[in-house]
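Reading through the structure tokens given below for one structure.
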Amino acid sequence: MTFAAPASAPTSATAAAPVSATPGVWPRLDRVLMSAGAWMLGLLWIAPLLYAAWTAFHPSAYETRFDLLAPLSLENFPLAWKQAPFARYFLNTVILVTSILSVQLVVGTLAAFAFARLRFAGRGILFGLVLVQMMVMPDILLVENYRTMRMLGLVDTIAAIGLPYMASGFGIFLLRQTFMTIPRELDEAARIEGVSLLGLIWRVYVPLAKPTYLAFGLVSVSAHWNDFIWPLIVTNSVSSRPLTVGLSIFASPDSGVQWSVINAATLMTSAPLLIGFLLFQRQFVQSFMRAGIK
Amino acid sequence: MKFTSLSKMIGGAAVLAATAATPALAVDLQFYFPVAVGGSAAQTIESLTKTYEAAHPDVHIKPVYTGSYTETVAKAITAARGGNPPQLAVIGAAEMFNLIDENIVVPFDGYVSKQEAKAWFGGFYPAFMANSQAFGKTWGIPFQRSTPVMYWNKDAFKKAGLDPNQPPKTWGELVTDAQKLTVRNADGKVTQWGVRIPTAGFPYWLYQGLAIPAGVTLASKDGTQVNFDSPAAVKAAQFMLDLTTRYKVMEPGTLDWGTTPKAFFTGNAAIIWTTTGNLTNITKNAPFPFGVGFLPADKHFGAPTGGGNWYLFKKSTAEQKQAAVKFVQWMTAPTQAAKWTMATGYVAPRPADWDTPALKAYVKKVPGALVAREQLKYAGPELTVYQNARVTQILNNALEAIMSGQKQPAPALKQAQAQADAVLRPYQQ
Amino acid sequence: MRRETLHAWLLLLPAAVLLASFTHIPAIETVVNSFFSTARGMRPSHFVGLGNYRNLIADPTFWQAMRNNLLYAAITIPLSMGIALAMALLVRGRIGGRGFLRMAFFTPTVLPLIAVANIWIFFYTPGFGLLNQIGALFGLPNMNFLGQGATALYAVAAVSVWKEAGFFMIFYLAALQTIPPSLIEAARLEGASSWHVFRRVTLPLIMPTTLFISVNAVINAFRLVDQVFVMTQGGPDNASTLLFYYIYQVGFQFWDTAYAATLTVVMLAILVAIAIGQFFLLDRKVHYR
């Protein structure tokens, strides 16, 4: 099996050229249909965001009525902002996500290198155990992990949310696959120069595995940005609650869903990422592509 | 100040230290609270707490907002099992046996004198104390208590040729009025439903607004028996189902709780049943005149109580417990209760609260607030048993199965009874 | 000890400690706990043998959750992956509003599901909900999507397809760009139809990405239950209950930790079986290099 980035070098050079530069092969009608389909799909996918924007910028009376002449209103934003410490929640999530990812990358790189390049007793079994963790995510072991956090005295801390995920079987697996495609001659060359083992990893392996880091980074950030159940259980207070938990307890009053305020909160907290993507979308997707990640 | 012998033994020394009250020896308290009624409630709790702290520099109190009732009880039990519970929490009154069974709460009796206890506990409406006391002790102090009431759209009543000031008073009237209020367009599609009783998620609560009038209290006083398959319980479920399939005056399928006020505002439903805790929200957002009334009667009027009580947690120092009880006494005193009721719409839980000038003035402005109080005369406790979440879920499943057309009322409730019996058997000895 | 072995162990140490503490040991503990009863208040936990498993076999909610979860996986995995690929094919080349479309497809990745679920509630609401407002324009009957046993699970599944497809698209987009256009043109010059090119050239070349995505899709089909929390709480009558939601409910609402452990063991067994199947079956089809 291989997940690895293609070793054939020319692909990355040609990848920049638009593939669709083959007009005439697609008949015109096809193109029109494709465009229409793409736009239908696009509208469908962005509908929740459009609706969020509609309700957030209108008085709550227009939550379920779509009237082009509806008066605009900005009052939902301060209302939401006042009702819950979203800035703090946002900060907690950022700290959580970045600390998980950075530890995952370091721990994963070291382990992946050992599995890819070193021979030692028990390698097969240990790698099997890593693979198990790809499927058996710590999420599922809520009860036991809660007990562990309690023992460590970490309940209600950001560390407690992140700790179970700091070593990722998936990350180790992906990096190992990538490292295995790196020609061994590079090792030899570096060793002859007297580079230490860690130096070798840092100078040779890490730079060549950039695409894998990027792909894994996206999976990791997205997973933990959205993670809900484990943080819900293990946090109790504003100082450790991530956005998801903050938003959920904000949105669950008995008196009914108030979309305008909830959506204002959702927009405020997602805006940084959305705007970031909008501004850097081209660079983001292209660096992703040029790297030729799988 | 007098103390019972118990607290004297444990806390004598600490209390002495506390009465010497230097801020350096300040007591730290933390309490969890759910907010069932929107954002301003959380702010009211926080501002009340700050007021108290300002007057009592020897106490530091940290309110922690913990989401819905379900989430709050989950947090509190998780924290208690983890050895780190708050000193106080506002948790659903129905969780009383559950918390006792978990062995994580203590009754309030030990921390006030006998006389004080009598005056304090005795001052609340009996309907609220029904699921706050067990084994001769008081485990919960009513705070954000509620009861379901009926809201009706007066404009819709007028349009349907009904007297906007005469809401349906019996099940029969509910059906005939709702039939007039159900509006269909040319294609036969309903544009306005006569009535909406939300039945998704936790239908057991509003269902008791039918079961209690039909003459059944769903649980025994000691929390070990349920009566899900009694004839009155089946009758109530059948009526709820009939509103959708037989009389066709309510949207079929289960109906979401959270979207119900919106259904009312948009004219999708002319009559809704929801908590009195929604009064402030509806007053603010309904674009038409509306009325607030009792749930209609079958054998008699009736409704469940609901909402949260203050609970005192076991794992804290005697000093903390003492300070916590004082704080609860203050929070539930008439002046504060009045503020709380006005901010949220919760029912002030003591007759004395209603005598405050503030509430008297409020009632003049919002007469709907009185309805819940009057209905308390007929109210019964909501389902309160051991393993409450599990037993409640069994009933919820049965009711959802009935409302979504999967099962008939009698067999569904019979099955629910058997399941609940199996869960409660260990507690019945 | 050989130097290489020592190095290997040192490099593996942090990962081994973390993985063992939060996955392997808890997994074993879970299995052990499933043979004990839940401690309640004054009654301590005691050994019950296979008692919890007997309860499990007799528990209709468990079987319902299993059936639901399998159906849910069977819907969401292929659909989200298929749509992701379609999206990637659509926005890889020149198309009007490409930037907008990419962002549209990307939105689910940044909007937390827990918050967006409220928006979906509005879409699904009977009467004044968005879908019913649109349906009414076309004279469609009113639907109570979340309130009927027949539709609730599909409504929930649709939300996760929305969530997942946009995310997976990014990976397909990247994979498609690595296919040398010369390969495709060569195939076309030989007179192959677009479909043929897609099947014989594109699809095999992106197989590693498909495997990568499928691992994620399978995990999420069992792990991602946030929308169930907000939208249906598993209802009506467990029609939309998924296994992991049920585990949460039993463990953290009913406080029956032993039974929650038993359910978790079943889930572990399923996931390990899938893992083995995925690696040994799919492996053969993956394009080797």
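The values are calculated or read from the model by the stated rules, or taken from the named source; none is laboratory data. Not measured: the values here are computed from a predicted model. Backbone-built Cβ (ideal geometry, glycine too); neighbour counts: all protein chains shown.
Any residue in the range B:77-89 that is of a type in the set (A, V, I, L, M, F, W, C), within 14 Å of chain C (Cβ to nearest Cβ) and touching a residue at least 60 places away in the same chain (Cβ under 8 Å)? Outline the logic, then answer.
From the range B:77-89, those of a type in the set (A, V, I, L, M, F, W, C) are B:77, B:79-80, B:88-89; that's our starting set.
Now drop any that are not within 14 Å of chain C (Cβ to nearest Cβ), which leaves B:77, B:79-80.
Checking the rest, the ones that are also touching a residue at least 60 places away in the same chain (Cβ under 8 Å) come to B:80.
Looking for residues that are of a type in the set (A, V, I, L, M, F, W, C), within 14 Å of chain C (Cβ to nearest Cβ) and touching a residue at least 60 places away in the same chain (Cβ under 8 Å), one finds at least one in the range B:77-89, hence yes.
With the range A:118-171 as the region, which helices (runs of 4 or more DSSP H) entirely inside it contain at least 3 residues that are among the aliphatic types (A, V, I, L, M) and at the interface with chain C (Cβ under 8 Å from one of its Cβ atoms)?
Hits in the range A:118-171: A:123-135.
Run B:K284 past the list (1) within 14 Å of chain C (Cβ to nearest Cβ); (2) basic (K, R); (3) more than 30 Å from B:Q406 (Cβ to Cβ) and report the number of the one that doesn't hold.
Going through the list (1) within 14 Å of chain C (Cβ to nearest Cβ); (2) basic (K, R); (3) more than 30 Å from B:Q406 (Cβ to Cβ), B:K284 breaks only (1).
Out of C:A65, C:A73, report the one residue that is away from every other protein chain (no Cβ under 12 Å), in contact (Cβ under 8 Å) with a residue 12 or more places away in the chain, crowded, with 22+ Cβ neighbours inside 10 Å and small (G, A, S).
Details: C:A73 fails: crowded, with 22+ Cβ neighbours inside 10 Å.
After applying the criteria, what remains is C:A65.
In the list B:R196, B:R184, which residue meets the criterion of being closer than 30 Å to B:I394 by Cα and of a type in the set (K, R)?
Numbers: B:R184 fails: closer than 30 Å to B:I394 by Cα.
Of the residues listed, the single one that is closer than 30 Å to B:I394 by Cα and of a type in the set (K, R) is B:R196.
Please enumerate the residues belonging to the range C:1-38 that are buried (at least 17 other Cβ atoms within 10 Å of the Cβ), of a type in the set (S, T, Y) and either facing chain A (nearest Cβ under 8 Å) or in a helix (DSSP H, G or I) (or both).
C:S21, C:T23, C:T30
Any residue in the range B:98-106 that is more than 14 Å from chain C (Cβ to nearest Cβ) and not in a helix (DSSP H, G or I)? Steps first, answer last, please.
First, the residues of the range B:98-106 that are more than 14 Å from chain C (Cβ to nearest Cβ): none.
No, the range B:98-106 has no match at all.
Go through the range B:34-65 and count every residue that is facing another protein chain (nearest Cβ under 7 Å), surrounded by 20 or more Cβ atoms within 10 Å (Cβ to Cβ) and among the β-branched types (V, I, T).
Of the residues in that region, 2 qualify.
Looking only at the range A:172-189, how many residues end up being among the hydroxyl-bearing types (S, T, Y) and facing chain C (nearest Cβ under 9 Å)?
Keep residues of the range A:172-189 that are among the hydroxyl-bearing types (S, T, Y), which gives A:178, A:181.
Now restrict to residues that are facing chain C (nearest Cβ under 9 Å): A:181.
Residues in the range A:172-189 being among the hydroxyl-bearing types (S, T, Y) and facing chain C (nearest Cβ under 9 Å): 1 in total.
Give me the residue from the range C:147-179 that is within 14 Å of chain B (Cβ to nearest Cβ) and of a type in the set (G, A, S) and, out of that set, surrounded by the fewest Cβ atoms within 10 Å (Cβ to Cβ).
Residue satisfying both the conditions and the ranking: C:A150.
What are the residues in the range A:99-133 that are under 28 Å from C:V266 (Cβ atoms) and surrounded by fewer than 23 Cβ atoms within 10 Å (Cβ to Cβ), if any?
A:G124, A:I125, A:L126, A:F127, A:G128, A:L129, A:L131, A:V132
When B:P85 is evaluated against the numbered criteria (1) assigned to a helix (DSSP H, G or I); (2) crowded, with 21+ Cβ neighbours inside 10 Å, which criterion, by number, is the only one it fails?
Of everything listed in (1) assigned to a helix (DSSP H, G or I); (2) crowded, with 21+ Cβ neighbours inside 10 Å, B:P85 misses just condition (1).
Run down A:V238, A:V204 and say which single residue is within 30 Å of B:Q30 (Cβ to Cβ) and surrounded by 14 or more Cβ atoms within 10 Å (Cβ to Cβ). Don't jump to the end; show me each part of the working.
Details: A:V204 fails: within 30 Å of B:Q30 (Cβ to Cβ).
So the residue among A:V238, A:V204 that is within 30 Å of B:Q30 (Cβ to Cβ) and surrounded by 14 or more Cβ atoms within 10 Å (Cβ to Cβ) is A:V238.
B:F228: crowded, with 24+ Cβ neighbours inside 10 Å, aromatic (F, W, Y) and in the same structural domain as B:I394 (by TED's automatic domain parsing), yes or no?
Yes; evaluated as a whole, the condition is true for this residue.
Report those strands (runs of 3 or more DSSP E) wholly inside the range B:260-361 carrying at least 1 residues which are assigned by TED's automatic domain parsing to the domain that holds B:L206 and farther than 19 Å from B:Y32 by Cα.
Hits in the range B:260-361: B:269-275, B:290-293.
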